[in-house]
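As structure tokens, the structure follows; a few thoughts come after it.
Throughout, read-outs are computed from the coordinates displayed, never taken from laboratory work. From a predicted model like this one, the values you see are computed outputs, not experimental measurements. Note: ideal-geometry Cβ built from the backbone for every residue, glycine included; neighbour counts use all protein chains shown.
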Amino acid sequence: MDLKSELLKSIWYAFTSLDVEQSGKVSKSQLKATEGTFNKEIFDELCWTMTSKKNCKPSIQQGLCSQKDCFKLFCLFNLLSEDRYPLVIIQPEDAALQDGMSVWEFLEHLSAGQLLRAESKEAFSLALDDVFMEMYHNIIKKGYLLKKGHVRRNWQERWFILKPSSLTYYVNEDLKEKKGEILLEESSVVENLPDKEGRRCLFCVKTAVRTYEMSASNMKQRVDWVQAVQTALRLRAEGKNSLHQELKLSRRKQRETLQRSQSNQSSQNEPSAVEALQQSSPEQQGETENLEQHIESIIQREVEAKRKEEEKQEREKQQAIQRDLEKQLEEAKERELVNQSTNTQMLKHWKIQLNRLMKPITPGDKVEHLPVKPTCPRQGQALTSREFITKVQTGISPEKGNGYSPSPTPEEEEQSS
């Protein structure tokens, strides 16, 4: 990945943080802070400052990572992220991260101690600094070596930093005083040297200009340094300037190959399973059929039990409805009987009243209502018809003349007779 592609990732973060309205446009005045900056680390730090104010949670810096550590992790994330936007890291081994993880999720998980365990924040910072220098600054190897001088021919301890294009050496590891630089070319080679002048673990780097002799502290260190220089020369010959970028591309190819093989394997599993079933022995097929029949019978029993339960519930529901209807019908019949008895009593009363009104008046009823006092003698509590008529006629004539005549007493009746 060239410098332009690396810078675009940091610019993307700065641009999205400034594009508050998400319109895809940012004024030039907002991007003036990045003008005139040609140091990549300083430029990335400016972009980090712009985007961290908006997206970096305070809880992240309260955990394992400091502000400086978060910036280094931000740079390493951009280095290892996919070359598509939004920037994510894909981890195929973890099912939860197959779709990708953003830098803010990465920092949050890492600061909370969910991705690794560290003894202390200081130990984590030191380890992170080594990784940052190695990956971000493309440092293949660094450490102390004894170097033989070109003029005075004496041996001096120097701090060496190996990159794909050069091997630079300083007075010590604080990098304040640079003593020289060995430019690695396609014609450069690295070789082991025999022990001489009381020095052991010797090797040399030959360039077109001169040969540089160095001594490692032990055999392991010499092997590591020789292999590291050979790696740098190989990258130089292939036109690559980063070892980790090459490793990133190789991991991506492996992941794509694994995904294709898994998809092909899943597509071939179905016919292979059918073929294996067809080629199985008759006993296995019989066991499979028995198992299928057993499972089918269990399913049928469950279905039948469920159906019976539903029918039972339906019957209970219908019975409850029928009981309610019968109860309502009985109540209606009782109300009807009460109303009928009431109507019968009223009808009987009205019939009695009507009969009283419609009863004809007989002659006896008329005589009973006349104002006549009985003056005729009674025989056995009864009057003969002739006596009755005579008395009536003698009682009516005075009434016509005077309007009223009292009946004679019994003594008057005896005198008159």
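Just a few scattered comments:
- Under the simplified labelling scheme, the Trp104-Ile298 pair shows an inter-label distance of 4.9 nm, with each label point 7 Å from Cα along Cα→Cβ.
- Residue (of Leu235, Ser166, Ser217) at the positive-pole extreme of region 141-241, dipole from beta-carbon charges: Ser217
- Sequence ranges 194-202, 333-341, 64-72, 179-187, ranked by mean other-Cβ count within 10 angstrom, highest first: 64-72, 179-187, 194-202, 333-341
- Packing order of peptides 122-131, 41-50, highest average first: 41-50, 122-131 (average count of other Cβ atoms within 10 Å over each peptide's residues).
- Counted by Cβ distance under 13 Å from Lys306, the other residues give a net charge of -2, where Lys and Arg count +1 and Asp and Glu count -1.
- Sites Lys54 and Arg153, calculated FRET efficiency, Cβ-Cβ separation with R0 45 Å, nearest 0.05: 0.15
- Between Glu197 and Leu249, the C-beta separation translates, for a Förster distance of 60 Å, into a calculated FRET efficiency of about 0.85.
- Each residue of region 78-88 was assigned a 3J(HN,Hα) from its phi angle through the Karplus curve 6.51 cos²θ - 1.76 cosθ + 1.60 (θ = phi - 60°); the sequence is 4, 5, 9, 6, 5, 8, 8, 10, x, 6, 9 Hz, with glycine and proline shown as x.
- Per-selection Kirkwood Rh - region 141-241 (Cα, Å, 1 d.p.): 13.7
- Entries of Lys54/Lys142; Lys40/Lys206; Lys148/Lys206; Lys121/Lys220 with Cα pairs more than 25 Å apart: Lys54/Lys142; Lys40/Lys206; Lys121/Lys220
- Computed extension gain for Asn218 through Leu357, at 0.36 nm per residue and net of the alpha carbon distance, reaches 35.2 nm.
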